[in-house]
Amino acid sequence: MPSSTETLLERARPFLRGELQSIDENLPSLVGVLQSVGAGECWHKHGSFLHHLLDIYRILTLWKAPHSVCLCGLFHSAYSNSYVNLAIFDPSTGREVVRRHVGHQAEALIHLFCVVPRQPLIHDDLLFHYSDQELVQHLAESEISLRNAKEKGVFDGEEGWRKKLQGLVPAEGVEVKHIRTGEGVHVSRRIVAVFVMMTMADFCDQLFGFQDVLFDNRNGRLEFSGNNLEALWPGDGKPGLWLNSISRMGAVYNLIAREEEILIEQKRRKVGGVVVDVERNDDIELVLPPVFDDCTKVLEAEDQIVARDLYWEAVCERGLPTKVEDLLVGCISKNPFVGEPYVVLSQVCLTEGKFEEAEKHAEKGLRLLLEWGCPWDKRTSWEGWVSWTRVLLMKAKDKSWPQTSWGILNLGLVK
């Protein structure tokens, strides 16, 4: 495998093996705390609440988020929040219990995440103010602005992308209302960014076709405008139309991160050194999730719909290998950002004896699966997709593939 994919695999291996203590020596006991309060008995969208919490921790860890942010992901709805009623800890009496286990900084993030109105904060007051084209344009402009700031010391606060972002999320942060008490709550701009990234992880782990039916998300923009109470869980298991929304969140997150980096560079040049403003949460690093080419691309809603439908036809209706291959190639041309279409295409190529092509597609699919840390096609688990892809990659390198059904069932060992 390419060195970059091997590095990703090494980072993911403890999760694949269940070696929680090698990730964080306190992680087994933290999971035990969640188990003891019944997280494994609660339903959550695509499985149990416990599995969801562990998945979010895994995604954020693979994205190299700060430790306190990963712990926030592990306990992110433990006091309940604006989306779900899952208060496995009483916010009036259980904060000290949580603080004792995760530390002050992580518990403060957890509590804040559970009391802010996330739908207005992330979507209504931020994400929905940008069109896809505007985000693409602002990403290009902000890259130039950041380069000018670092290389030339040029800082222009009147640039269009900066003025718009500052109007939505000022440098001093925003004030929101506590979801239960109605009191004002201050959220720094860096914490807004952290919550955008956490929402990316949260949504990509739990969303699939069921929510598309529930909210009538036929346009693929995830605007939560529908109200189909008759939607039956879990539905047909079709991959959900959430990628446009996540790509938009990633773009907004990247814009905030770049604006913050410009601000810090300007301060550094002014005082002759790095100044960490704890009140602004400057001590929390804003890392870029690797998805959508490090949050630099926006997937158009229509493209994700076409790609999803081509993929679903390929895996469900089947037909001649050449037709399935054409469907998957068409899917990837519209949406090259998820791993499963490459994985299925790799198997098709193996069946036809196209071993070099199969190897190329399996490597690409594996890298994307490891970058996401969760599956797009949730009919099977992330661990299942990763292990199956590694089997395909191994067989492609060996230039061999079973010629009988029993031979397929005999597969499984990953060297």
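The values are calculated or read from the model by the stated rules, or taken from the named source; none is laboratory data. All figures in this text were calculated on a predicted structure; none of them were measured in a lab. Here Cβ is always computed from backbone atoms with ideal geometry, including for glycine, and neighbour counts include all displayed protein chains. Only protein heavy atoms, including side chains, enter the accessible area calculation; ligands, DNA and RNA are left aside. Shrake-Rupley method; radii C 1.70, N 1.55, O 1.52, S 1.80 Å.
Structure above, values below:
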{"quantity": "Glu19/Lys152 FRET efficiency (R0 51 Å; Cβ-Cβ; nearest 0.05)", "calculated": "0.60"}
{"quantity": "Simple spin-label estimate for Phe224 and Thr322 in nanometres, 7 Å along Cα-Cβ", "calculated": "4.9 nm"}
{"quantity": "Pairwise centroid distance, computed over Cα atoms, of the stretch 216-268 with the stretch 308-345, Å", "calculated": "23 Å"}
{"quantity": "Efficiency of FRET between Asp236 and Glu356 - r from beta-carbon atoms, R0 41 angstrom, step 0.05", "calculated": "0.75"}
{"quantity": "Percent of alpha-carbon pairs separated by more than 15 Å within the stretch 265-338", "calculated": "68 percent"}
{"quantity": "Calculated P(r) of the stretch 103-178 - Cα pairs past 20 Å, %", "calculated": "48 percent"}
{"quantity": "Enclosed volume per residue, in Å³, of the convex hull spanned by Cα atoms of the stretch 1-115", "calculated": "109 Å³"}
{"quantity": "Set Lys323/Lys399; Lys64/Lys150; Lys177/Lys334; Lys64/Lys354; Lys323/Lys378 screened for pairs whose C-alpha atoms are more than 29 Å apart", "calculated": "Lys177/Lys334; Lys64/Lys354"}
{"quantity": "Highest average packing first - 47-59, 265-277, Cβ atoms within 10 Å", "calculated": "47-59, 265-277"}
{"quantity": "Cβ crowding within 10 Å averaged over residues, with 228-237, 326-335 ranked highest first", "calculated": "326-335, 228-237"}
{"quantity": "Dimensionless Rg/Rh of the stretch 116-299 - Kirkwood Rh, Rg from C-alpha atoms", "calculated": "1.01"}
{"quantity": "Folded to 0 to 90 degrees: helix 132-152 orientation relative to the chain principal axis, Cα", "calculated": "60 degrees"}
{"quantity": "Linear extension gain, Glu141 paired with Ser387, 0.36 nm per residue minus alpha-carbon span", "calculated": "84.5 nm"}
{"quantity": "Förster radius 22 Å - calculated FRET efficiency between Asp132 and Val306, Cβ distance, rounded to 0.05", "calculated": "0.90"}
{"quantity": "C-alpha long axis of helix 301-316 to longest principal axis of the chain, angle in °", "calculated": "30 degrees"}
{"quantity": "Solvent-accessible area, 1.4 Å probe, carbon plus sulfur percent, for the stretch 1-115", "calculated": "51 percent"}
{"quantity": "The stretch 301-410 - Rg and Dmax from Cα coordinates, angstrom", "calculated": "13.2, 41"}
{"quantity": "Percentage relative contact order, the chain, counting C-alpha pairs under 8 Å, at least six apart", "calculated": "14 percent"}
{"quantity": "[x] 0.98; [y] 1.06; [z] 0.93, with the label sought being that of the calculated Rg/Rh (Cα atoms, Kirkwood Rh)", "calculated": "[x]"}
{"quantity": "Cubic angstrom per residue, convex hull over Cα atoms of the stretch 191-347", "calculated": "133 Å³"}
{"quantity": "Vicinal HN-Hα couplings computed from phi for the stretch 101-114 (Karplus, 6.51 cos²θ - 1.76 cosθ + 1.60; Hz; Gly/Pro x)", "calculated": "8, 10, x, 5, 5, 5, 5, 4, 5, 4, 5, 4, 4, 8"}
{"quantity": "Stretch gain in nm, segment Arg11-Val329, where the contour uses 0.36 nm per residue and the Cα spacing is subtracted", "calculated": "111.5 nm"}
{"quantity": "Contour minus Cα-Cα distance for Asn410 and Val274 (0.36 nm per residue)", "calculated": "43.1 nm"}
